[in-house]
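Take a look at the structure set out below.
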Amino acid sequence: GKIQSGLVPDGTKLFADYSEVEAFALINQARNVGGDFYDAIALDEHNLYFAVGDVSGKGMAAALFMMRILTSMRLFLGTCPEFKYVLPAVNNWLVPNNEDMMFVSVFAGVLNIRSGRLEYISAGHNPPFISLNGRPFESMDLPKGPLVGILQDATFPVSYVKLQPGDSLLLYTDGITEAKGSA
């Protein structure tokens, strides 16, 4: 738990320098180390990157694979000319060195805080919930993207949505859907 929470940004201080955005993240491991993660960084003064994901399996192998995902996503964010190339690059880097046949579901996006344009990719991840124009939250309609880490040269469809002030997005991993009550 401590190792894992030390790898992801402080969820109470996400994008603290950007008054246009309110962001908060929480990671709460059940019993052991796992592969759930989130990441959030400013790419420049107008573009904010965020991602949430879930690595197959549990334990140290999943945690190590999660570290590879986090670091490779940040690496390719800095070297790819456009966001749409990041996940394919990460995937192609992971596939040849994946003896354990692990994979990861990811939802990642880049929000331009000036235009409100959110560019996003879902790689087999649970669809986020979105609230637009004060309407109730609803599940986002996502293109079916493959999981990351399995198939070389996989294609990850890119989608866009325009966010207005007051709109909200809720990202989560399967820990929410797998949670069991304590009754």
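The values are calculated or read from the model by the stated rules, or taken from the named source; none is laboratory data. It should be emphasised that the depicted structure is a prediction, and the values quoted were computed from it without experimental measurement. Heads up, the Cβs are rebuilt from the backbone with ideal geometry, glycines too, and the neighbour counts pull from every protein chain shown. The protein model used for the area step is the full one, side chains on, heavy atoms only, and it has no ligands, DNA or RNA in it. Shrake-Rupley method; radii C 1.70, N 1.55, O 1.52, S 1.80 Å.
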Checklist line | Answer residue from the stretch 100-122, given it is under 25 Å from residue 63 (Cβ atoms) and among the hydrophobic types (A, V, I, L, M, F, W, C) and is most open to solvent (accessible area, probe 1.4 Å) among those | finding: 101
Item checked: Odd one out for residue 52, checked against (1) modelled with pLDDT of 70 or more; (2) within 15 Å of residue 112 (Cα to Cα) -> (2)
Check: Residues 66, 73, 60, 140: which one is of a type outside the set (S, T, N, Q), open to solvent by 20 Å² or more (accessible area, probe 1.4 Å) and within 22 Å of residue 174 (Cα to Cα)?
Finding: 60
